[in-house]
Amino acid sequence: MTTETKCPVVLVTGAGRGLGSGIATQLAAAGMSVAIHYSSSKQGAEQTAQQCEKMATTPGQLFKVVQGDLTDPQSRRDILPATLESFGHLDALINNAGITEPNRRDCLHATEEDYDTVMLVNLKSPYFLMQEVARWMIDNPEASRLPHYQMLNISSISSSTVSVNRAAYCISKAGLSMATAVWATRLAEHDILVNDLKPGIMESDMTAAAKEKYDAILSNGDLVPLARWGTGDDLGKAAVALLSGSFPFTTGHVIPVDGGFHLRKI
């Protein structure tokens, strides 16, 4: 049964853990309803939903989990209909789900299997999910409860910073930023904004194995001037600023959320 919510609805992929969970809770704090996508971590997604309930600020907000295997074409195509069935509407998509290099092999020894896995999750899946959502938005003009229909991609500083043992990851994130530019150009005539949030060294399960390394890097502020880990909340607050209409004349832009990592200094 479809449950209609009058609050803006945002679909966040990979929201059952890490950065996606932080993004979802910040959207909840901003009065938005959230479709909390997960692939395999149902428990994590339900925990995110519970946290969103605690952060909610507006009557009528809804927080429901939506399952979908991004690596399976039909399962991925079912995500949008499932979201519409649960919420009755959609105003924005945030492509957050992603994986790092499975075995972190040097690029001289990387396998085609690992490369294909990374590209499928990090680039192909969000690209075609954007296609599905874009078609629905075009078919439902003037219906957004936000100032604009929007799509946000979560890329990475790795899109422009080389790691030779995570080459496919770097390439996939660079490709995702180009996908942002492609869709922003194509959808501008429909007044649909598409932007890219580019996180830096973020506290998540993806970086947990290298915590000591990054703690040392962050401690002196040389590489990251703000000298701390980034969080899902940091990304979520940036997403809220975009979705709420604070940047109505911005599309196709890559916005660093990296503590100043992008700055060049001598």
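The values are calculated or read from the model by the stated rules, or taken from the named source; none is laboratory data. Treat the numbers as computed from the prediction; the structure is a model and nothing was measured. Neighbour counts run over all protein chains shown; Cβ positions are idealised from the backbone, glycine included.
For segment 50-64, the criterion of being assigned to a loop (DSSP other than H, G, I, E, B) and under 21 Å from Leu129 (Cβ atoms) is met by at least one residue.
Does Ala239 satisfy the condition of being buried (at least 21 other Cβ atoms within 10 Å of the Cβ) and touching a Leu at 6+ places or on another chain (Cβ under 9 Å)? Walk me through it before giving the result.
Values: buried (at least 21 other Cβ atoms within 10 Å of the Cβ): yes; touching a Leu at 6+ places or on another chain (Cβ under 9 Å): yes.
Taking the combined requirement at face value, the residue satisfies it.
Looking only at residues of segment 162-194 that are polar (S, T, N, Q) and buried (at least 21 other Cβ atoms within 10 Å of the Cβ), we find that the one that is farthest from Trp136 (Cα to Cα) is Ser172. Of all residues in segment 139-153, those satisfying the criterion of being surrounded by fewer than 24 Cβ atoms within 10 Å (Cβ to Cβ) and hydrophobic (A, V, I, L, M, F, W, C) are Ala143, Leu146.
Within the set of pairs 6 or more residues apart or between chains, which connect a residue that is assigned to a loop (DSSP other than H, G, I, E, B) inside segment 190-201 to a residue that is of a type in the set (D, E, K, R) and modelled with pLDDT of 95 or more with Cβ atoms less than 7 Å apart? Qualifying pairs under 7 Å: Gly200/Asp258. Here segment 15-38 is the region considered, the condition is being outside any strand (DSSP E or B) and farther than 15 Å from Ala92 by Cβ, and the residue that is nearest to the chain's Cα centre (by Cα) is Leu19. The condition of being of a type in the set (A, V, I, L, M), farther than 22 Å from Phe247 by Cα and part of a helix (DSSP H, G or I) holds for only one of Ala110, Ala134, Ala174, that being Ala174. Of the candidates Ser172, Ser177, Ser155, Ser159, the single residue that is within 20 Å of Arg76 (Cβ to Cβ), touching a Ser or Thr at 6+ places or on another chain (Cβ under 7 Å) and of a type in the set (Ser, Thr, Tyr) is Ser155.
Within the bounds of segment 229-238, is there any residue that is of a type in the set (S, T, N, Q), at pLDDT 95 or above and part of a loop (DSSP other than H, G, I, E, B)? Looking through segment 229-238, at least one residue is of a type in the set (S, T, N, Q), at pLDDT 95 or above and part of a loop (DSSP other than H, G, I, E, B).
For Gly20, indicate whether it is over 21 Å from Trp183 (Cβ atoms) and modelled with pLDDT of 95 or more.
Values: over 21 Å from Trp183 (Cβ atoms): no; modelled with pLDDT of 95 or more: yes.
No: the conditions fail for Gly20.
Given the residues Tyr214, Tyr169, which is the only one that is part of a helix (DSSP H, G or I), touching a residue at least 60 places away in the same chain (Cβ under 8 Å) and not β-branched (Val, Ile, Thr)?
Details: Tyr214 fails: touching a residue at least 60 places away in the same chain (Cβ under 8 Å).
None of the other options fit; the residue is Tyr169.
Any idea which residue in segment 39-49 is surrounded by the most Cβ atoms within 10 Å (Cβ to Cβ), counting only those that are free of Cβ contacts under 8 Å to residues at least 40 places away in the same chain and not in a helix (DSSP H, G or I)? Result: Ser41.
Does at least one position in segment 81-93 carry a residue that is closer than 24 Å to Tyr127 by Cα, free of Cβ contacts under 8 Å to residues at least 60 places away in the same chain, hydrophobic (A, V, I, L, M, F, W, C) and out of contact with any helix residue (DSSP H, G or I) (no Cβ under 6 Å at 6 or more places or on another chain)?
Residues of segment 81-93 closer than 24 Å to Tyr127 by Cα: 81-93.
Next, only the ones that are free of Cβ contacts under 8 Å to residues at least 60 places away in the same chain stay: 81-82.
Then keep just the ones that are hydrophobic (A, V, I, L, M, F, W, C); that gives 82.
Add one more test, that the residue is out of contact with any helix residue (DSSP H, G or I) (no Cβ under 6 Å at 6 or more places or on another chain), and what stays is 82.
Yes - at least one qualifying residue is present in segment 81-93.
Going through segment 90-107 one residue at a time, which ones are polar (S, T, N, Q), buried (at least 17 other Cβ atoms within 10 Å of the Cβ) and in a loop (DSSP other than H, G, I, E, B)? Within segment 90-107, Asn96, Thr100 qualify.
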